[in-house]
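The values are calculated or read from the model by the stated rules, or taken from the named source; none is laboratory data. This one's a predicted model, so the numbers in the text were calculated from it and none came from an experiment. For neighbour counting, all protein chains shown are included, and Cβ atoms are generated from backbone atoms with ideal geometry for every residue, glycine included. What goes into the accessible areas is simple: the full protein's heavy atoms, side chains included, and nothing from ligands, DNA or RNA. Shrake-Rupley method; radii C 1.70, N 1.55, O 1.52, S 1.80 Å.
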Amino acid sequence: MYNCFFGMPFRRNMSYNRTFNKNPQPAHTKTYDSRQYPKSNHERPVKYSAADDVLLKSSELGGIILPDSSERGATYIVASINLDTSTYRNYIIYFNFSCNIETISARLHLRFQLVRQEACQLTKIPVSANYVYARNVLATETNILAFTACDCNPSKCKCCNYIVYMEVMGFDTTGTIIVTNPVLFASLIEDNNKNQKGEL
């Protein structure tokens, strides 16, 4: 019965000599190069811009014709610009805005201001002071309104909007009012002094 299962005769009192290698070779250890495998997105280092980078950008030309008898408190977007500041560390943004205001037998009181609105944020942060263009009597003329502003504490964001708002103040407008050639110009400059000190 035993021979049928194992295929060899059964021998009683049979000894087996087992020999083992006294000096076994160490197992081969495989080395891995971490550079072969891409890092996950959250582990990739952020590529910052150079310390002397300058970004220049301007808004597109446009214009606004205010409806006759615009109500007090009405607001209009005169110019806007979008900036990607995610790759900058220490920087300052300088702004220049200018436009032409044409009036025909108009009486008006307008307020201009530059604000910042970040992506997914409803709050608008003022960047400039208020600039007023007003005529208390009927006037037919063309003038230039211009101002400068500086954002010294901007947030790093892939989508940061800077908007110039115009608001009707004081009283309802009368006559024809046209805002032409509004231009918002932005200059983003890296702060070399902070970068040299190693500040982030």
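Considering Gln117, Gln113, Gln121, which residue is modelled with pLDDT under 95 and either touching a Gly at 6+ places or on another chain (Cβ under 8 Å) or within 30 Å of Asp68 (Cα to Cα) (or both)? Talk me through it step by step, then tell me what you get.
Numbers: Gln113 fails: modelled with pLDDT under 95; Gln121 fails: either touching a Gly at 6+ places or on another chain (Cβ under 8 Å) or within 30 Å of Asp68 (Cα to Cα) (or both).
After ruling out the rest, the residue left standing is Gln117.
Here are the criteria: (1) polar (S, T, N, Q); (2) open to solvent by 60 Å² or more (accessible area, probe 1.4 Å); (3) over 18 Å from Leu188 (Cα atoms). Tell me which single one Asn96 does not satisfy.
(3)
Would a scan of region 177-185 turn up a residue that is more than 21 Å from Ser80 (Cβ to Cβ) and part of a strand (DSSP E or B)? Break it down into steps so the answer makes sense when it comes.
First pass over region 177-185, keeping only residues more than 21 Å from Ser80 (Cβ to Cβ): none.
The answer is no, given that none of the residues of region 177-185 is more than 21 Å from Ser80 (Cβ to Cβ) and part of a strand (DSSP E or B).
Criterion first (farther than 16 Å from Lys158 by Cα, within 21 Å of the chain's Cα centre (by Cα) and open to solvent by 70 Å² or more (accessible area, probe 1.4 Å)) does Thr75 satisfy it? Spell out how you get there, then give the answer.
Values: farther than 16 Å from Lys158 by Cα: yes; within 21 Å of the chain's Cα centre (by Cα): no; open to solvent by 70 Å² or more (accessible area, probe 1.4 Å): yes.
Spelling it out, it is not the case that Thr75 is farther than 16 Å from Lys158 by Cα, within 21 Å of the chain's Cα centre (by Cα) and open to solvent by 70 Å² or more (accessible area, probe 1.4 Å).
If a residue must be open to solvent by 40 Å² or more (accessible area, probe 1.4 Å) and not in a strand (DSSP E or B), how many such residues does region 120-152 contain? It would help to see each step written out before you state the result.
Narrowing region 120-152 to residues open to solvent by 40 Å² or more (accessible area, probe 1.4 Å): 120-126, 129-132, 135-138, 140-144, 146, 148, 150, 152.
With the extra rule that they be not in a strand (DSSP E or B), the set shrinks to 120-124, 129-130, 152.
Residues that pass the stated criteria total 8.
Return yes or no: is Ser86 surrounded by fewer than 18 Cβ atoms within 10 Å (Cβ to Cβ) and closer than 17 Å to Cys150 by Cβ?
For Ser86, the condition - surrounded by fewer than 18 Cβ atoms within 10 Å (Cβ to Cβ) and closer than 17 Å to Cys150 by Cβ - is not met.
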